[in-house]
Structure formats: C-alpha cells, structure tokens
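Note sheet for the following structure.
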Amino acid sequence: MSPSTEPEETMPHQHATRAPDRARRDHPAERSAPEHPARHRAAEGRVVVVTGAGRGLGRAHALAFAHAGARVVVNDLGVALDGGRAAADRARTPAGQVAAEIRAAGGEAAVSTDDVATGEGAERLIRTALDRFGRLDTLVNNAGFLRDRMLVNLGEDDWDAVVRVHLKGHFLPMRHAAGHWRAEAKAGRTPRARIVNTTSGAGLLGAVGQGNYAAAKAGVAALTLVAAAEFGRYGVQVNAVAPAARTRMTERAFATEMAAPADGAFDAMAPENVSPLVVYLGSDGCDGVTGRVFEVAGGRIAVMDGWRPAARTDRGGCWEAAALDRPVRELLAASPPPEPVYGTG
C-alpha cells in the first residue's frame, strides 16, 4: 500500500514546558525597529518543497512559505488517514487545491503527487522543483500516516507501512536533495540550503499504542543529527520540529485537547501556529542553526536536548553481573527521572 502524505504532529504534551526567555536584543537598531511582516518576507526568492502538504500542518507550512515569498512545490499523494489511495484527479487532489490557493493569493506553486517513500518518487519530487523553478533551497519533510496498535496486536504490515512512509519518506527526499546541493557545492556554487524534518513527541518520549510510529519518529530525530553532520560541508543545515497541532490525525484521538476554543481565544492547537518556526528554520536568515530538534505547540517553543549522560560511574575494569545492582540503583537515584511515556499519565 502506498504511503500517504498526511502532515505529522506529536501527541498533545502532557507536561507544561517553560516558554523560552525572550531573546535579549543588544543592537540599538534591533531594539528600536519593530517587525513589519509586509516589509520582511523571510523566504523571499527561495524554492521550497513541502511533503505531506495537502492538509493539516503541511498545508499550513506551504501557505506560510508562499506568504513569506517562496515558490512552493506542494507534494501530497492525497490518500486516506491510514495510507489508502484516494482520487487520482490531479487538479482536485489536496496538493492541487493547496497549489491553487497559493496561486490565487498571487504566489507560485507546482504540484507533486509522487510517492516520497520510493526512490523514483523522491527523485521526481526534487526534479519538479529544479525543472519548474530552476533551483531548490529548502526541503520540508512532513509526510506520514498512522496505524495505531498495541505492540501485541501490531501486525508486520502495519509496522512496515508506517516506518516506510515516515522514515524512508524522510531519507529519500533528503538523499536526492542533498545530491543536488553537493553537486552545486562542488561546482563552486555552495548553497544556503535548509532541511526541516518532522519528528514527534512520540518519537522523543514514546507513546502507548504507537510503537511503529514512535520508532519511526525516533529514527527521524537521529537521522536529522546524522544529516546535519554530513551535509554541512555542502552548505546545508538540517533541523527537526516536534509539533503538536490539530489535524485529522489528532482531532479524533485527542478531541478534547485539540478542540478549538469556542470563545474566540487563542487557538493553541491550530496548525498555523507551528509554521512560523518551520519557515524560519527553512529561511536564509536562519544561519548557523543545525542538528537541533525543537518542540513547538501554540506559542511555545522548546529545544529538545536529546540523550546525554546523566550520573555515571567507572569501575576501571569489567563489571560482574552479580555486583551491578547497587551501582545501577545509585546511578538511577543520582539522575533526573525520565519524562513519562505518552499515554501512561
């Protein structure tokens, strides 16, 4: 079964994260000059590919990039929530409809209905940007779908399908985009290229009933680190976001948490809240930021710090299994407790 290009998101965060302190502005011009979106278009002149851009977060990202001055390749297979095929009429697909919205607002957009989890589809996707707009500056990997099961009920086909679209569907577009950027760098035209991947709180902390999805999204986070280390020499920055937002993948499972406020208050779960960070990470102005994962929900942005050693001990030689109980418990007692797995609290 072919993968969907449904936008991705985390499950709702169970614990409040302290909002980052407002950055201190030391330059007088920065202190005195307010931001004017009409004068500052963060993605002006850039060509951006967004996968899973037919609905939800991907649609919001594509529209936000277009509003910020980018020419956008809107990729989406237009399939069902579990990856099943939908209508084949290109103009009426979700990707075609989003591209039409961009054009109606005065922007430029191309449509791709390629399967990004195949080598041929990923290559065609990147080629669409190059053939249509003559360049590629930013790749936003956002495609995926869910097939949730408890592990004891999770079938091999459901495991393979979810890992395929999320993890392989990130790897292959990155590989073909990076191949182009490497050629540009070797020709003396080093790009200022950006990749923004989509991981998830499920991938960072785990999620009950989502073993396939959590494993794939953990893979995306690790893949982001590797790509950032490998692609930097070609002028490519690679980061990931772990968003929480209302899409068709979350509005059913988390109806209460994802519901829009009835009183007109700030809609924290609107997918449009995530897109400004994605646009920034995909922009030329985001210089020197690479290999990082950001959690974003509503107006909150947090840097996810990743795996680091906490307490440690060193015997200076090989341990014996019978002697490990006490030192292991001492290490655990001296380390901060882990964040809870989603679905356990």
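The values are calculated or read from the model by the stated rules, or taken from the named source; none is laboratory data. On a predicted model such as this, the values are computed, not experimentally measured, just so you know. Heads up, the Cβs are rebuilt from the backbone with ideal geometry, glycines too, and the neighbour counts pull from every protein chain shown. Heads up: the accessible areas ignore ligands, DNA and RNA and are worked out on the full protein's heavy atoms, side chains in. Shrake-Rupley method; radii C 1.70, N 1.55, O 1.52, S 1.80 Å.
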So what J values fall out for the stretch 135-142 if you push phi through Karplus, 6.51 cos²θ - 1.76 cosθ + 1.60 with θ = phi - 60°, rounded to Hz, Gly and Pro as x? 6, 9, 10, 9, 10, 10, 8, 9
Compute the FRET efficiency between residue 325 and residue 186 as 1/(1 + (r/R0)^6), taking r as their Cβ-Cβ distance and R0 = 45 Å, and round to the nearest 0.05. 0.20
Please list, in chain and number order, the residues 5+ apart from residue 108 or on another chain whose amide H is under 5 Å from its amide H, with Hs placed from the backbone. 72
Net charge near residue 338, counting Lys/Arg +1 and Asp/Glu -1 over other residues with Cβ under 15 Å of its Cβ? -1
Whole-Hz Karplus ³J(HN,Hα) for the stretch 158-163, in order, using 6.51 cos²θ - 1.76 cosθ + 1.60 and θ = phi - 60°, x for Gly and Pro? 5, 4, 4, 5, 6, 5
Determine the sum of side-chain charges near residue 239: Lys and Arg each +1, Asp and Glu each -1, restricted to other residues whose C-beta is under 11 angstrom from that of residue 239. +2
If amide H atoms are modeled at 1.01 Å from N in the peptide plane, then the residues at a separation of 5 or more from residue 194, or on another chain, having amide H under 5 Å from its own are 138, 139, 237
Report ³J(HN,Hα) in whole Hz for each residue of the stretch 118-131, in order, from the Karplus equation J = 6.51 cos²θ - 1.76 cosθ + 1.60 where θ = phi - 60°; Gly and Pro get x. 10, x, 5, x, 5, 5, 5, 4, 5, 5, 4, 4, 5, 6
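So, for the stretch 287-334, what is the accessible surface per residue at a probe of 1.4 Å, expressed in square angstrom? Please report the intermediate quantities before stating the final value.
On the way: 3720 Å² over 48 residues.
Result: 78 Å² per residue.
Below 10 angstrom from the Cβ of residue 122, what's the summed charge of the other residues (Lys, Arg +1; Asp, Glu -1)? Write out the running numbers ahead of the final one.
On the way: positive: 124, 127, 168, 175; negative: 114, 115, 120, 123.
Result for the neighbourhood of residue 122: 0.
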Both in Å, the radius of gyration and Dmax of the C-alpha trace of the stretch 47-188 are 15.5, 53
